[in-house]
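For reference, the structure discussed in these notes is given below.
None of the figures in this text is laboratory data; all of them are computed from the coordinates on show. The structure displayed is predicted, hence computed values, not measured ones. Virtual Cβ from ideal backbone geometry, glycine too; neighbours counted across all protein chains shown.
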Amino acid sequence: MIKVALAGNPNSGKTTLFNGLTGSTAHVGNWPGVTVDKKEGVYKKCAEPISVVDLPGIYSLSPYTPEEVIARNYIIDEKPDCVINIVDATNLERNLYLSTQIMEIDVPFVIALNMMDAVEKKGDRIDAAKLEEKLGVPVVAISALKGAGLNVLMERVYKASKEKRVGKTVLESGALAHLIRDVKIALAGQGVENPLFHAVKLAEEDELEVKAHKDTVKMVEEFKDTFKDDTFGDDFEALIADARYKYISENFSSVVTKKDKEKFASTKSDKADRVLTHKIWGIPIFLLVLFAVFHLTFSEDFLYLGKIFGFASLEDLGVDTEAFGGQLLACFYDGAVFSPGVIINNLWNDIIVEYAFGWLIGLIEGSSMAGWAIGLINDGVIEGLKAVLSFLPPILTLFLFFSILEDSGYMARIAFILDRMFRKFGLSGRAFLPMIMGFGCSVPAMINTRTLADDKERAATIRVIPFFSCGAKLPILTAVAGAVVAYFSVGNADLITYGMYLLGIVTAILAVLFMRNTSLKGETPPFIMELPAYHAPQFKNLMIHLWDKTKHFVKKAFTIIVASTIVIWVLSHFSFTWAFLEDEQVNQSILAQLSMLVQPIFTPLGFGSQLGTYGWVFIVAAISGLIAKENVIATFATLAACLAAMAGSGVNLAGLDIEAEEGIDAVQAMISATGIGIPGLIAFIAFNMTTIPCFAAVGTAKAELMNNKSYKGTLIFWIVSSFLVASAVYTIGSWWWTAFIWAAAIALTTWCIISYNKRANEKLNDGKLK
Amino acid sequence: MQKLLSDFAVGDTGVIKSVGGEGKIKRRLFDMGITPGAEVLLRKKAPLGDPLEITVRGYELTLRKNEAQFVTMEVQK
């Protein structure tokens with residue numbers, strides 16, 4: 001099969017072209033060692049099938065970003081039969097800069113001149129035939145969006161792939177022509193493939209090339225000693241980049257005919273930007289967009305219609321929500337119209353998953369298997385699967401909205417608006433979105449960190465994402481806060497909830513500052529980014545993107561989640577003598593026994609040894625929260641029933657409805673059994689918010705971090721930060737003056753880090769001077 | 001008159017004289033078309049005063065003042 005690589009700038013329509021060429025044959029993987037998507041597909045309309053590999057979007061073949069290294073290694077090592085270089089005709093100069101570099105490799109090469117329709121619409125003209133003549137490689141005008149010209153393009157690609165091509169350079173007539181020629185001859189003499197490409201890169205003193213050709217680089221250094229340029233001195237990298245751009249602007253100005261002679265003409269995008277990145281309105285508009293995204297995904301009162309018009313609830317209307325029709329209706333409406341995200345979520349979880357798995361569970365219950373096997377399959381495996389699948393709708397809805405923002409070009413503007421604020425923490429403006437997505441669900445948020453270029457910045461962001469309390473943690477907040485208010489008749493539940501969200505954000509900021517100055521130290525990555533022209537997102541691209549993410553999530557998360565769920569289920573349903581236990585006997589389980597054993601560790605957190613005999617319930621609940629945070633409150637309900645059945649536990653369920661969904665009564669039962677105080681309860685919330693998140697998020701973090709050391713570090717980071725935060729909350733809540741001790745400890749740590757870094761810097765500078 | 005790109009006011013235009021900085025940052029600036037001779041318009045500043053948005057080689061680019069201070073400009077009237 002013929003192998004073709006697709007290369008081009010970001011935002012040049014590369015994804016659209018790839019989707020247009022390969023359609024449903026495409027599949028996504030990862031390039032080895034990095035989290036950059038590798039997409040492959042097959043084009044079938046030629047005489048032979050052509051396999052197309054989508055290289056990452058790049059501006060250059062420099063050695064500085066993983067994307068660029070992947071692209072150049074692929075073209076050089078994998079030797080595709082042809083490279084398609086997609087060029088955005090509306091931005092010819094900068095796009096051809098990459099073309100002049102690909103040209104230097106000995107590989108057949110075809111230019112796909114995209115967005116010609118947009119050029120013509122503006123009244124400009126680009127002479128594709130003339131461009132082909134000047135470049136000496138085939139140039140085909142296409143519209144990836146409309147699918148126009150794709151057949152012609154692929155015919156020429158097919159033809160080109162059958163021929164050999166020798167690299168050419170635009171630097172032939174420049175000041176470095178001699179050097180490049182000599183190095184090229186020397187490299188060719190050593191039997192190096194693609195001698196021209198390597199010669200040019202060596203002249204640039206490219207990090208990777210210097211390492212690979214240590215002997216030949218001397219030629220460059222010798223030449224450098226004899227060379228002086230008025231503008232660039234002996235900076236060959238600058239000289240070469242400049243020569244490329246000079247060549248492009250000299251040769252291709254004749255190819256383009258502009259209708260509008262104005263140099264800095266205003267486009268439609270500029271007009272949109274006048275509002276969207278406005279000095280005063282930019283930030284409020286962004287907040288509004290963000291609010292709209294969350295409202296459309298999570299709100300149970302769409303546009304606040306229910307509140308405004310005072311709709312009646314289904315119960316008041318006399319609808320039977322047990323019957324199928326009523327259930328279906330309840331997915332869309334109950335006293336208020338639900339937002340689209342909630343409707344999709346309800347339809348998926350309450351109808352599709354519920355009925356499909358309900359049928360399965362019924363089938364297994366009716367079988368003649370042993371009690372423990374039925375329990376393992378139904379409560380362990382199937383409930384685990386349900387927990388995984390229930391994440392899908394919010395993840396996909398959030399993804400859809402954020403993909404729309406990304407594709408339309410607005411995401412780049414958000415980074416532009418917020419960069420200033422984030423730099424203070426050693427992050428770039430791009431880190432904001434993944435963090436804020438964390439309020440919805442950590443999984444898509446962690447995957448979204450792929451937009452961050454710097455590995456250390458990525459790791460820091462992934463680690464603090466769970467501190468932005470996700471949708472599944474909200475039930476813990478409302479249940480415990482509700483129980484505090486109900487049991488101790490103090491405070492205000494909303495205030496506690498709000499305070500906990502704030503605590504999470506503060507923890508995240510402190511943690512990022514800490515990491516960026518210690519374990520994940522590194523300069524704030526540079527922020528030099530294209531602001532692409534706004535355009536309407538492509539429905540087809542969005543759907544393909546969404547489908548890829550679904551597969552990614554299900555595949556990566558399934559194994560680890562289901563396995564972990566089964567382990568926890570086994571631990572909570574078997575005793576040390578391997579006797580199977582009913583739900584209500586959970587106090588005899590391995591999990592409960594182990595929890596009792598580790599209880600003392602949780603003493604500084606307020607829910608350890610000081611709670612006595614039944615204190616382990618909080619630990620069991622927190623551990624079950626590792627499967628999914630929804631489980632924490634559900635476990636309380638199970639434990640309440642279990643404790644009530646035990647003589648002498650002191651749990652009196654009179655007047656309490658432990659099965660109630662909000663879980664407030666279940667938590668109250670826990671309070672009466674253990675005698676835990678308010679500080680301990682708040683510390684319990686804080687612990688759950690900052691500790692290891694659910695298995696779905698852990699699985700995603702593992703996949704995204706790629707590097708095992710960093711992943712283990714992340715797990716330890718979560719455990720340590722949750723113990724610290726929860727102990728601080730508990731001790732300060734119990735003895736207010738301990739706040740001074742904590743403050744002093746933080747100040748001391750800060751001082752140590754600063755003075756250590758200062759000394760390390762001085763040492764580094766000394767070393768440089770010597 | 002020469003001026004650093006980081007000292008430009010909104011609406012200023014100029015031609016790039018020279019680009020300084022080191023390794024990664026400098027190379028990135030070059031790759032994005034910030035090379036001597038290119039014309040630049042400072043289109044706007046972000047709401048908090050930084051980063052900057054410029055038009056260069058017919059497209060919009062954003063960069064921080066930190067990076068813009070490596071770029072020396074010949075101011076156009």
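Brief remarks follow.
- Rg over Rh [alpha-carbon atoms, Kirkwood Rh] for region B:2-75: 0.91
- In Hz, Karplus ³J(HN,Hα) per residue of region A:120-126 (6.51, -1.76, 1.60; θ = phi - 60°; x = Gly, Pro): 5, 4, 6, x, 8, 9, 10
- Cβ crowding within 10 Å ranks A:GLU172, A:GLU104, A:GLU67 as A:GLU172, A:GLU67, A:GLU104, fewest other Cβ atoms first.
- Chain A: relative contact order in percent, alpha carbon pairs under 8 Å with at least 6 residues between: 9 percent
- Dipole of region A:571-738 [Lys/Arg +1, Asp/Glu -1 at C-beta], most positive-end residue of A:ALA673, A:VAL617, A:GLY733: A:GLY733
- Restricting region A:652-758 to GluC sites (Glu not before Pro) that sit in a DSSP loop and have at most 13 other Cβ atoms within 10 Å of their own Cβ leaves A:GLU659, A:GLU661.
- With the charge dipole of the protein assembly as shown set up from +1 on Lys and Arg Cβ and -1 on Asp and Glu Cβ about the Cα centre, the Cα lying farthest toward the positive end among the listed residues A:PHE324, A:LEU131, B:LEU63 is that of A:LEU131.
- Extension gain, A:ALA760 to A:GLU523: 0.36 nm times the residue separation minus the Cα-Cα distance gives 83.9 nm.
- The value for the protein assembly as shown of Rg(Cα) / (2.2 N^0.38 Å) is 1.08.
- Taking Cα centre as origin and charging only the Cβ of basic (Lys, Arg, +1) and acidic (Asp, Glu, -1) residues, the dipole magnitude of the protein assembly as shown rounds to 2380 debye.
- Under 16 Å from the A:ALA373 label point (7 Å along Cα→beta-carbon), backbone N, region A:560-588: A:580
- Listed by chain and number, the aspartates and glutamates whose alpha-carbon sits under 17 Å from that of A:LYS79, ignoring those within fewer than 8 places in the same chain, are A:GLU40, A:ASP54, A:GLU68, A:GLU104, A:ASP106, A:GLU163, A:GLU193.
- Fraction of antiparallel bridges per DSSP, chain A only, in percent to nearest 5: 45 percent
- In Hz, Karplus ³J(HN,Hα) per residue of region A:573-581 (6.51, -1.76, 1.60; θ = phi - 60°; x = Gly, Pro): 10, 10, 8, 4, 8, 6, 8, 6, 10
- Hits among lysines - C-alpha to C-alpha of A:LYS702 under 24 Å, sequence gap 8 or more where chains match: A:LYS38, A:LYS39, A:LYS386, A:LYS456, A:LYS473, A:LYS521, A:LYS549, A:LYS551, A:LYS555, A:LYS556, A:LYS629, A:LYS712
- Sites listed here are chymotrypsin sites (Phe, Trp or Tyr not before Pro) in region A:569-605 whose DSSP assignment is loop and whose Cβ has at most 13 other Cβ atoms within 10 Å: A:PHE576, A:TRP578.
- Residues A:SER12, A:SER572 arranged by fewest to most Cβ contacts within 10 Å: A:SER572, A:SER12
- Using only side-chain charges placed at the Cβ, +1 for Lys and Arg and -1 for Asp and Glu, the dipole size of region A:571-738 relative to its Cα centre rounds to 840 debye.
- Projecting the Cα atoms of A:LEU705, A:SER367, A:GLY13 onto the charge dipole of chain A, computed from C-beta unit charges around the Cα centre, puts A:GLY13 farthest toward the positive end.
- Neighbour-count ranking [beta-carbon atoms within 10 angstrom, fewest first] of A:HIS545, A:HIS198: A:HIS545, A:HIS198
- Difference of contour (0.36 nm per residue) and Cα-Cα distance, A:PHE309 to A:ASP230: 21.0 nm
- Loop-located chymotrypsin sites (Phe, Trp or Tyr not before Pro) in region A:653-742 whose Cβ has at most 16 other Cβ within 10 Å (DSSP): A:TRP735, A:TRP736, A:TRP737
- Hits among lysines - C-alpha to C-alpha of A:LYS279 under 26 Å, sequence gap 8 or more where chains match: A:LYS263, A:LYS268, A:LYS271, A:LYS424, B:LYS3, B:LYS44, B:LYS45, B:LYS65, B:LYS77
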